[in-house]
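Report on one structure; see the data block that follows.
The values are calculated or read from the model by the stated rules, or taken from the named source; none is laboratory data. Computed from a prediction, not measured in an experiment: that's the story for all the values here. In this analysis, Cβ positions are derived from the backbone assuming ideal geometry, glycine residues included, and neighbour counts consider all displayed protein chains.
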Amino acid sequence: MKEQLADILDQVLRRNPGEREFHQAVREVFESLEPVLRKNPQYVDAAVLERLCEPERQIIFRVPWVDDEGRVRINRGFRVEYNSALGPFKGGLRFHPSVYLGIVKFLGFEQVFKNSLTGMPIGGGKGGSDFDPRGRSQGEVMRFCQSFMTELYRHLGEHTDVPAGDIGVGGREIGYLFGQYKRITNRWEAGVLTGKGLSWGGSLVRTEATGYGTVLFAERMLGTRGQSFDGRRVVVSGAGNVAQYAIQKAQQLGGHVVGCSDSTGYVLDERGIDLPLLQQVREAERLPVSVYAERRGATFVPGRRVWEVGAEVALPCATQNELDEDDAAALVRSGVLAVSEGANMPTTPAAVALLTEAGVLFAPGKAANAGGVATSALEMQQNASRDAWTFDYTEQRLAGIMHGIHDRCLATADEYGQPGSYVAGANIAGFTKVADAMLALGVV
Ligand code: NDP
């Protein structure tokens, strides 16, 4: 079985040259699957793995737009419709200069398993562009979003493909995208995008969901060892959507959050991060975290990673491969108890190995950050029934989903002889549900 897996992986590497992040994501899932394939030879016979490594559809398109100086700009747009065995393609759009096909495919691949783990009827997809919204005016962002949607709209639909936000795509961008979709199609089709504003079809808790979910997962993990967030020193990377609401929930649970970051460096604030001030700087003024540090009288350390300050709970909430072996070693030296991934694949494989060997509780993103997409599915439910739920009810649903994912990961890890491994549990539980659906649907 090991050899068969190695052969398939080899094929994936050859067929997708240069797509480093995609290779990493596939390899990481394959590492958990040997016992599953041994127990379920039908997956091998039906080439489920080979099919899972090939997206159903990949769309790449030109996005022309005009900047404020009247110059024509060209970006590249992507949508990888990865797998629709469990429901319509579902997953965010990322606008960041680093975006290329390999990143979109890694995110789409992860999304398939994550969406499966939520227990909701959603398939997996991901998209985005190498457009950088930072430093762009409101008008430029709007024109870019309109041009992006002018191509993408033909591939979307509430029963086909339902995007949401990700890095660089927040409420503002979703608004412009939805407006253009509505204009082109002449349909007020709420279920075609999630992360919408509350007055036009959005769901309470969706904005908070990913960060909250990551912390709720960590709280449940700590609970297995009789521990909690209360009084713990916490550091968070990033200062965007996921980071902000991870900070909020950790603070609500009694955690003392002393650090956060962005691509320019990190803030150390021993008094505890002042979230309203951070949100004023990042959301309202769209400025870097150094400005927060200046106004707050906290320390700003440029060009370095926040992990070096040490913590009992670490929450990577920025981007892929942002916590490496050295960072993990620094965290272990500081006595870290748990690492819960709010971002997608933020911890390198070597860092995961180091943390695991040191006995640190480790929650992989496909389980720990699934609260965002799960609440997107709740938004779709509300849209379909033309209903709007209360904050408390929606948050209760989110908590129930996160606890369910946590418990399913642990039970599955036990069943396959890897007790306590959330990585194995998430990969196997996510995989088997999709694989069974793919078997049932035949070779399509
Ligand atoms: P945002 O754009 O709101 O924030 C991203 C944050 O990460 C910013 O602080 C940004 O700093 C920092 N960052 C981004 N790229 C880099 C980089 N290359 N190096 C260092 N810092 C970087 O995005 P989100 O908070 O929505 O997403 C964060 C992570 O969570 C991503 O991995 C995303 O895929 C994942 N995720 C998001 C979900 C959601 O619901 N939003 C759902 C599930 C996962 P700067 O502004 O300086 O670039």
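Some values worked out for this structure:
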item	result
Single condition GLY213 does not satisfy, out of (1) outside any helix (DSSP H, G or I); (2) of a type outside the set (Val, Ile, Thr); (3) within 15 Å of the ligand (Cβ to nearest atom)	(1)
Cβ-Cβ under 7 Å pairs, at least 6 apart or on other chains, segment 275-300 side closer than 21 Å to LYS249 by Cα and within 11 Å of the ligand (Cβ to nearest atom), far side of a type in the set (D, E, K, R) and not in a helix (DSSP H, G or I)	VAL289/ASP262
Scan of segment 258-274 for residues that are in contact (Cβ under 8 Å) with a residue 40 or more places away in the chain and of a type in the set (D, E, K, R), ordered by number	ASP262
ASN83 being farther than 22 Å from LEU378 by Cβ and either more than 16 Å from the ligand (Cβ to nearest atom) or assigned by TED's automatic domain parsing to the domain that holds ALA318 (or both)	no
Selected residue (criterion: nearest to GLY240 (Cα to Cα)) from residues of segment 86-103 that are more than 10 Å from the ligand (Cβ to nearest atom) and of a type in the set (Gly, Ala, Ser)	GLY102
Per-region count, segment 236-258, residues more than 14 Å from the ligand (Cβ to nearest atom) and touching a strand residue (DSSP E or B) at 6+ places or on another chain (Cβ under 9 Å)	6
Considering residues of segment 335-351 that are away from the ligand (no atom under 16 Å from the Cβ) and touching a residue at least 40 places away in the same chain (Cβ under 8 Å) only, the residue surrounded by the fewest Cβ atoms within 10 Å (Cβ to Cβ)	PRO349
Tabulated pairs, segment 151-179, first part of a loop (DSSP other than H, G, I, E, B), second at pLDDT 95 or above and of a type in the set (D, E, K, R), C-beta under 8 angstrom, 6+ apart or interchain	GLU158/GLU189; GLY165/GLU173; ILE167/ARG94; GLY168/ARG94; GLY168/ASP132
Residue check, GLY372 within 22 Å of THR118 (Cβ to Cβ), out of contact with any His (no Cβ under 7 Å at 6 or more places or on another chain) and not hydroxyl-bearing (Ser, Thr, Tyr)	yes
Options PHE78, PHE106; residue that is within 16 Å of the ligand (Cβ to nearest atom) and either within 16 Å of ALA437 (Cα to Cα) or touching a strand residue (DSSP E or B) at 6+ places or on another chain (Cβ under 6 Å) (or both)	PHE78
Failed item in (1) under 23 Å from GLY342 (Cα atoms); (2) away from the ligand (no atom under 13 Å from the Cβ); (3) more than 13 Å from the chain's Cα centre (by Cα), with VAL112 passing the rest	(3)
Tally of residues being among the hydrophobic types (A, V, I, L, M, F, W, C) and within 13 Å of the ligand (Cβ to nearest atom) across segment 322-334	1
Every pair of residues 6+ apart whose Cβ atoms lie under 8 Å, when the first sits in segment 366-387 and is at negative phi and in contact (Cβ under 8 Å) with a residue 60 or more places away in the chain while the second is surrounded by fewer than 24 Cβ atoms within 10 Å (Cβ to Cβ) and hydroxyl-bearing (Ser, Thr, Tyr)	THR375/THR394; LEU378/THR394
Yes/no for LEU193 being more than 30 Å from TYR266 (Cα to Cα), within 15 Å of the ligand (Cβ to nearest atom) and among the aliphatic types (A, V, I, L, M)	yes
Every residue from segment 162-208 that is in contact with a Leu (Cβ under 7 Å, 6 or more places away or on another chain) and among the polar types (S, T, N, Q)	SER203
